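A short write-up of the structure that comes next.
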Amino acid sequence: MNELMKMHFENKRREFLRGSVLGLGGIAMGSLLGCGSKNADRKAVQQVAEEINKPLVNPHFLPKAKRVIYLFQSGGPSQMELFDYKPMLYSMHGQEIPASVIGKNRISGMVSNQYSFPLAMPAATFKQHGAAGGYFSEHVPHIAAIADDICVVKSMFTEQINHEPAVIFTQTGNQLSGRPCIGSWLSYGLGSMNDNLPSFIVMVSKGGGDQPISSAAWSSGFLPSHHQGVQFMTGNEPVPFLNNPQGIDRMDRRRALDFIKGFNNIQNEVWHDPEIESQINQSEMAYKMQMAIPSITDLSDEPQHILDMYGPDVMTPGTFAHNCIMARRLAEKDVRFVQLYHLGWDHHGSIASGIKKATSLTDQPSAALVKDLKQRGLLDDTLVIWGGEFGRTSFSQGKLTPEGFGRDHHPGCYSIWMAGGGIKPGMVYGESDDFAHNVVKDKVHVHDFQATMMHLLGIDHEQFIYKSQGRRYRLTDVSGDVIHNLIA
């Protein structure tokens, strides 16, 4: 972002806040109580919303997508058991992987002591689906049924081989914690489309597995902290401490916020610290969410056939199915970025049963989300992404036995899929070798994926820059190319 434009915006915002006698909360409260002219109140509230949520980056070109729903499958889904059909693995099951295939690729410490690397055939059968004839595993029948609506990318690769740095790399463009994640970049750059809900919401499903996920994956890094992801928790109270304590009514909360805001504004005039404005913003958002969240989380207005489409777990808060229908409801409210994390894809052993469990929880809800968005006319401008941080090895981790086997981490080749938001539907992009070990056609690096996503949202990733501690940063760091062949 242009430094002069940034300075002009910040100064204009401070002047507006200083000139508001009652502050933002007073204006909002006046509107709620009906004080003064309704038209004047409405105009004042609209002006407040425009000042707070004004995007810092004017789109560099016409966006195809307005919002993103990212279904992150944490742990490393195996491409061989899902979307990348390799007949060679069946015929060479048990044979040593050719040295020329492994080449100079990294292997993790978990297989560094292995003297043998036997190929393992997929624990799945495959069939072709859709007009493009893409192959889909028996484990994802619902996703296979929407083959004509999605684009499968089989040529993804990354630089990280362990979970934490790989997840952070996918979400922030760098393997080290402390950088802003995708959702924070978009919240900062494009602003909010809903005044009563955060622009960036995160949900972590329960029941998937024990592989931990760090909150650094939805951190705002060096961006103002009100751009970090707001995590909806499992259970009946998705946002803890949102409700007023016993004996405190909404009027009391409003007066307290206005009183605290007065002190914050005084401090802000002295220090001009963006974190003070973040505190003001977060307090106001929490106040608004008290009214907005209950209506979002109440599924009683959903028709039974819609609930059935998402599967039997949809009414259980915290499940992946429940989070998927929540993501659709948030998309309807124009939340800019919704991130769903599902654990349970780290199959170092017993991959046959592990992949079956993971897909039983995620296949139907993932497909239902795409179908639901499509039938409501939201898919055209909502980008849906499904994928993890890396793939799995085509050889067995540990001893290959008839009873079962596992697969280790593999950053050199993996598969994801995307739908809507300007992505070409019904397409299979990229190609791996006969062992799903190396990309041989149309490589897509993580930074390429991020650059393409931002392009769909109208942002030139090379121009969207934030200066921190003397250095100019961007989501894609110093690399990344838009994959125009993926764009409709």
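Scanning for something surrounded by 16 or more Cβ atoms within 10 Å (Cβ to Cβ), within 15 Å of Val446 (Cβ to Cβ), aromatic (Phe, Trp, Tyr) and in contact with a Cys (Cβ under 8 Å, 6 or more places away or on another chain), does region 155-164 turn up at least one residue? Within region 155-164 (the criterion being surrounded by 16 or more Cβ atoms within 10 Å (Cβ to Cβ), within 15 Å of Val446 (Cβ to Cβ), aromatic (Phe, Trp, Tyr) and in contact with a Cys (Cβ under 8 Å, 6 or more places away or on another chain)), the answer is yes, since at least one residue qualifies.
Within region 187-221, restricting attention to residues that are in a helix (DSSP H, G or I), in contact (Cβ under 8 Å) with a residue 60 or more places away in the chain and small (Gly, Ala, Ser), which residue is nearest to Thr359 (Cα to Cα)?
Narrowing region 187-221 to residues in a helix (DSSP H, G or I): 187-190, 215-218.
Pick out the ones that are also in contact (Cβ under 8 Å) with a residue 60 or more places away in the chain and you get 187-190, 217-218.
With the extra rule that they be small (Gly, Ala, Ser), the set shrinks to 187, 189, 217.
Numbers: Ser187: 31, Gly189: 35, Ala217: 23 Å.
Selected residue: Ala217.
Within the bounds of region 420-427, is there any residue that is out of contact with any helix residue (DSSP H, G or I) (no Cβ under 7 Å at 6 or more places or on another chain), more than 22 Å from Pro141 (Cα to Cα) and surrounded by fewer than 23 Cβ atoms within 10 Å (Cβ to Cβ)? No, region 420-427 contains no residue that is out of contact with any helix residue (DSSP H, G or I) (no Cβ under 7 Å at 6 or more places or on another chain), more than 22 Å from Pro141 (Cα to Cα) and surrounded by fewer than 23 Cβ atoms within 10 Å (Cβ to Cβ).
Would you confirm whether any residue within region 84-94 is within 15 Å of Gly398 (Cα to Cα) and either surrounded by fewer than 19 Cβ atoms within 10 Å (Cβ to Cβ) or out of contact with any His (no Cβ under 6 Å at 6 or more places or on another chain) (or both)?
From region 84-94, those within 15 Å of Gly398 (Cα to Cα) are 93-94; that's our starting set.
When the remaining residues are screened for being either surrounded by fewer than 19 Cβ atoms within 10 Å (Cβ to Cβ) or out of contact with any His (no Cβ under 6 Å at 6 or more places or on another chain) (or both), the result is 93-94.
Checked region 84-94: at least one residue is within 15 Å of Gly398 (Cα to Cα) and either surrounded by fewer than 19 Cβ atoms within 10 Å (Cβ to Cβ) or out of contact with any His (no Cβ under 6 Å at 6 or more places or on another chain) (or both).
Residues in region 370-428 that are more than 19 Å from the chain's Cα centre (by Cα), polar (S, T, N, Q) and assigned to a strand (DSSP E or B) were compared, and the one that is modelled with the highest pLDDT is Gln397. Please count how many residues of region 326-356 are among the polar types (S, T, N, Q) and part of a helix (DSSP H, G or I). Counting residues in region 326-356 that are among the polar types (S, T, N, Q) and part of a helix (DSSP H, G or I) gives 1.
Does Gly318 satisfy the criteria of being surrounded by fewer than 16 Cβ atoms within 10 Å (Cβ to Cβ), modelled with pLDDT under 95 and not in a helix (DSSP H, G or I)? Against the criterion (surrounded by fewer than 16 Cβ atoms within 10 Å (Cβ to Cβ), modelled with pLDDT under 95 and not in a helix (DSSP H, G or I)), Gly318 does not qualify. Checked across region 275-295, the condition of being at pLDDT below 95, among the aliphatic types (A, V, I, L, M), more than 24 Å from the chain's Cα centre (by Cα) and buried (at least 18 other Cβ atoms within 10 Å of the Cβ) holds for at least one residue. The set of residues from region 449-460 being surrounded by fewer than 23 Cβ atoms within 10 Å (Cβ to Cβ) and over 18 Å from Ile69 (Cβ atoms) comprises just one member, Asp460. Filter region 106-141 down to the residues that are under 16 Å from Pro77 (Cβ atoms) and either outside the structural domain of Ser350 (by TED's automatic domain parsing) or among the β-branched types (Val, Ile, Thr) (or both) and list them by number. Residue satisfying the conditions is Val140 alone.
The values are calculated or read from the model by the stated rules, or taken from the named source; none is laboratory data. Treat the numbers as computed from the prediction; the structure is a model and nothing was measured. Because the Cβ atoms are built from the backbone with ideal geometry, glycine has one as well, and the counts that use them run over all protein chains shown.
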